[in-house]
Each structure stands twice: as C-alpha cells, then as structure tokens.
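Working notes, structure below.
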Amino acid sequence: MTTRTPRGFDLALAHAHLRRSDARLARWMHRIGPLEFDFNARFHTVDALARSILHQQLSGKAAATITARVVALMPRAQISAAGLQALPDAALRGAGVSGNKLAALRDLGARAQAGAIPGAAALERMNDADIIAALTPVRGIGRWTVEMLLMFRLGRPDVLPLDDLGVRQGAALVDELEMAPNARALAARGACWAPYRSLAGFYLWRVVEHARRDHA
C-alpha cells in the first residue's frame with residue numbers, strides 16, 4: 001500500500017534551516033517575520049484546477065467575479081466534473097468564461113470522469129513528480145499551476161517554482177541583482193534552501209510585497 005504523505009511540514013525546522021543556510025535570505029526573513037500556513041483545508045482536485053484555469057491571465061477582481069458566477073451554477077458551490085458536464089457552453093460563456101478556458105474546463109471534466117484526475121486523498125499518496133505528470137496533460141494546466149497546488153494545497157516542503165516571476169524577482173532583491181535570475185540560475189541559487197524550498201518561495205513572494213510597500 002502506498003504511504004500517505006502528510007500535508008505541510010515543520011515550519012520551525014524549515015525557518016531554522018533557511019536562516020542557517022542563507023544569510024541574505026535570513027535578513028529578509030527577520031524583517032518580514034515568521035510565516036504561518038494552514039495546509040489542512042479540504043479541497044477537491046477538479047475544483048482547485050478549475051479555479052486555477054479561470055484565474056489565468058485575469059486580474060484578481062475579474063477572475064474572482066467569473067469564478068463566483070461559475071460556482072453559482074454548480075449544485076453544491078463546488079466546481080465538479082458532473083457539474084461542468086451538466087452545463088451547456090452558453091451558460092459558461094454567459095458567466096464570462098472565454099473560449100480557451102471553456103475548452104480547458106471541458107477537457108478537465110472529461111478527464112476527471114474518465115478517472116484520470118486523482119482526488120485529494122490519492123494525491124497525498126503520490127510524489128511531486130507523479131502529481132505533475134498526472135495533471136499537466138490537462139489543457140490549460142502547466143507545471144506552474146500544479147506547483148501552486150503542491151505548495152498551497154498539499155503543503156509539500158521542497159517545491160521551488162522556477163518560472164514564477166515573483167519568485168525570481170524576490171531572489172533578485174535578496175541578492176541585490178539588477179535583473180531577475182533565469183530558471184537555471186534560480187535552481188542553482190536555491191540548492192541551499194532544500195529540503196525546504198517551498199518556504200523559501202513563500203518568503204521570496206513576501207520580499208517583493210515588502211519592497212513594494214517600502215517604495216510606495
């Protein structure tokens with residue numbers, strides 16, 4: 001039987017590791033303060049992925065509005081494969097869903113009904129690489145989207161989204177660089193953060209927010 005991977009990780013241990021392994025990041029961590037997360041909130045994979053699709057390339061407010069409209073069309077305030085199948089294209093378009101996103105939602109729903117989308121309990125028994133391999137075939141779901149699920153929903157400790165602009169900008173601020181590092185450089189730079197690269201990523205996002213407030 002495959003072993004279940006508990007959600008989340010020891011934040012105190014991760015904080016201590018990052019402070020010990022990276023003096024530059026440690027200075028920012030001191031300024032920002034400790035971070036806390038709740039990784040135990042229940043979620044459904046189809047719902048989480050559908051919301052990610054709906055939020056792509058939109059401002060937060062616009063994405064939230066369209067997502068709320070789609071959720072309102074669902075039977076239990078949750079986006080499901082059955083709920084998507086029951087809705088005609090016109091209903092989703094009427095909620096503001098674009099053609100590309102409509103196609104992505106249809107693909108997600110079809111794959112889920114075919115049993116190709118692992119549920120939350122199944123994901124807890126899969127390693128990071130297998131989760132990425134299982135979910136990225138869905139239209140509109142790339143590696144970055146799955147990495148967000150790994151970090152925020154499953155609380156996996158060692159995920160560093162190398163293509164995330166905010167993470168790269170945060171690394172540039174930490175190292176006082178004029179340009180953000182590319183994915184290869186960031187991977188090398190972040191080697192010292194393992195096995196808690198997820199927490200480093202969370203801090204790099206906060207570094208960018210903190211710097212923006214300082215210059216506001």
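Among the residues making up the stretch 47-67, those that are among the small types (Gly, Ala, Ser) and assigned to a helix (DSSP H, G or I) are Ala48, Ala50, Ser52, Gly60, Ala62, Ala63, Ala64. Note on the stretch 47-64: among residues that are open to solvent by 60 Å² or more (accessible area, probe 1.4 Å) and not hydrophobic (A, V, I, L, M, F, W, C), the one that is nearest to Pro118 (Cα to Cα) is Arg51.
Of the set (1) closer than 23 Å to Thr136 by Cα; (2) in a helix (DSSP H, G or I); (3) open to solvent by less than 70 Å² (accessible area, probe 1.4 Å), all apply to Thr5 but (2).
Scan the stretch 123-137 for residues that are part of a helix (DSSP H, G or I) and free of Cβ contacts under 8 Å to residues at least 40 places away in the same chain and jot them down. Those that are part of a helix (DSSP H, G or I) and free of Cβ contacts under 8 Å to residues at least 40 places away in the same chain: Asp128, Ala129, Asp130, Ile131, Ile132, Ala133, Ala134.
Considering only residues that are part of a loop (DSSP other than H, G, I, E, B) and open to solvent by 50 Å² or more (accessible area, probe 1.4 Å), look in the stretch 71-97 and name the one that is nearest to Leu49 (Cα to Cα).
Residue satisfying both the conditions and the ranking: Gln78.
Within the stretch 29-46, the set of residues being assigned to a loop (DSSP other than H, G, I, E, B), touching a His at 6+ places or on another chain (Cβ under 9 Å) and either more than 15 Å from Ala200 (Cβ to Cβ) or open to solvent by less than 20 Å² (accessible area, probe 1.4 Å) (or both) comprises Leu35 only.
Let's see how each residue does on (1) within 17 Å of the chain's Cα centre (by Cα); (2) at pLDDT 95 or above; (3) not β-branched (Val, Ile, Thr):
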position	(1), (2), (3)
Gly94	no, yes, yes
Ser98	no, yes, yes
Leu102	no, yes, yes
Ala112	no, yes, yes
Pro118	yes, yes, yes
Met126	yes, yes, yes
Leu160	yes, yes, yes
Val167	yes, yes, no
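Filtering the stretch 134-155 for residues that are under 19 Å from Ile32 (Cβ atoms) and either at pLDDT 95 or above or open to solvent by 20 Å² or more (accessible area, probe 1.4 Å) (or both) leaves a non-empty set.
Out of Val208, Val174, Val167, which single residue is open to solvent by less than 50 Å² (accessible area, probe 1.4 Å) and touching a Pro at 6+ places or on another chain (Cβ under 9 Å)?
Numbers: Val208 fails: touching a Pro at 6+ places or on another chain (Cβ under 9 Å); Val174 fails: touching a Pro at 6+ places or on another chain (Cβ under 9 Å).
Only one candidate qualifies: Val167.
Number of residues in the stretch 177-194 that are assigned to a loop (DSSP other than H, G, I, E, B) and open to solvent by 70 Å² or more (accessible area, probe 1.4 Å) equals 4.
The values are calculated or read from the model by the stated rules, or taken from the named source; none is laboratory data. Computed from a predicted structure; not experimentally measured. A quick note on method: Cβ atoms are made from the backbone with ideal geometry, for glycine too, and the neighbour counts reach across all protein chains shown. When the accessible area is computed, the model is the full protein with side chains, heavy atoms only, and any ligands, DNA or RNA have been set aside. Shrake-Rupley method; radii C 1.70, N 1.55, O 1.52, S 1.80 Å.
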